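Novice: Below is the structure I would like to discuss, written out as structure tokens.
Values quoted throughout were computed directly from the atomic coordinates according to the rules given, and no laboratory measurement underlies them. All of these numbers come straight from a predicted model, not from anything done at the bench. In this analysis, Cβ positions are derived from the backbone assuming ideal geometry, glycine residues included, and neighbour counts consider all displayed protein chains.
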Amino acid sequence: MFFRRKKEEIGVRRRIVLTKQITDSIITYAKSWHPNEGILILQGKKDKNLIRVTGLVIPPFSTHGPFYSGFPMYELPFDLSYIGTIHSHPGGSNKPSLEDLNHFFGLVSVIICHPYEVQNIAAFDRNGYNMELETE
Ligand SMILES: [Zn+2]
């Protein structure tokens, strides 16, 4: 899949906000899939450079392995509230893999790594750049 990228988007720092409830759900989900990866779709709203996550959706027909998790995008209903994904890394790094960047979906990729605490959560944009992440 090829995504056309607008020039002005490059270099813009986006912020992402996760509510306490979303954060707790992500942590619980990641732990439940350990030692495999878990993946969820993020629902939310984008306002200028602020992305607020408001919900989580379990993707249909998702696959989970120790090094890969994913879902067929063509099975997804077209929904503008789907703004990205969150997946877990059972290893100790929350950096996106090349595979993650090649399968980027939406505006943001959130990754939580083992041992799945709040401080193990990181967010990246399509180019693999760190996004500022806030939990409230
Ligand atoms: Zn990954």
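Novice: When only Cα pairs under 8 Å and 6 or more residues apart are kept, what is the percent relative contact order across the chain?
Specialist: Relative CO of the chain lands at 26 percent.
Novice: Something else now. When the dipole is taken about the Cα centre of the range 65-136, and only Lys, Arg (+1) and Asp, Glu (-1) are charged at their Cβ, what size is it in debye, to the nearest 20?
Specialist: That gives the range 65-136 a dipole magnitude of about 220 debye.
Novice: Hey, what number do you get for the chain at 222 nm if only DSSP H runs of n ≥ 4 count, each worth -39500 (n - 2.57), divided across all residues, to the nearest 500?
Specialist: It comes out at -4000 deg cm²/dmol, rounded to the nearest 500.
Novice: Give me the extension gain from Leu50 to Ser25: residue separation times 0.36 nm, minus the current Cα-Cα distance, reported in nm with one decimal.
Specialist: 6.9 nm
Novice: Based on the Cβ-Cβ distance of Tyr74 and Ser97, what FRET efficiency does E = 1/(1 + (r/R0)^6) give at R0 = 22 Å, to the nearest 0.05?
Specialist: 0.45
Novice: Please report the antiparallel percentage of the DSSP beta bridges confined to the chain, to the nearest 5.
Specialist: 60
Novice: Which value, in debye to the nearest 20, gives the size of the charge dipole of the chain about its Cα centre, when Lys and Arg are +1 and Asp and Glu are -1 at the Cβ?
Specialist: About 480 debye.
Novice: Taking every pair of Cα atoms in the chain, average 1/r, invert it to obtain the Kirkwood radius, and report Rg/Rh to two decimals.
Specialist: Across the chain, the Cα-based Rg/Rh ratio is 0.93.
Novice: When Val118, Val17, Val108 are ordered from fewest to most other Cβ atoms inside 10 Å of their Cβ, what list results?
Specialist: Ranked by crowding around the Cβ, least crowded first: Val118, Val17, Val108.
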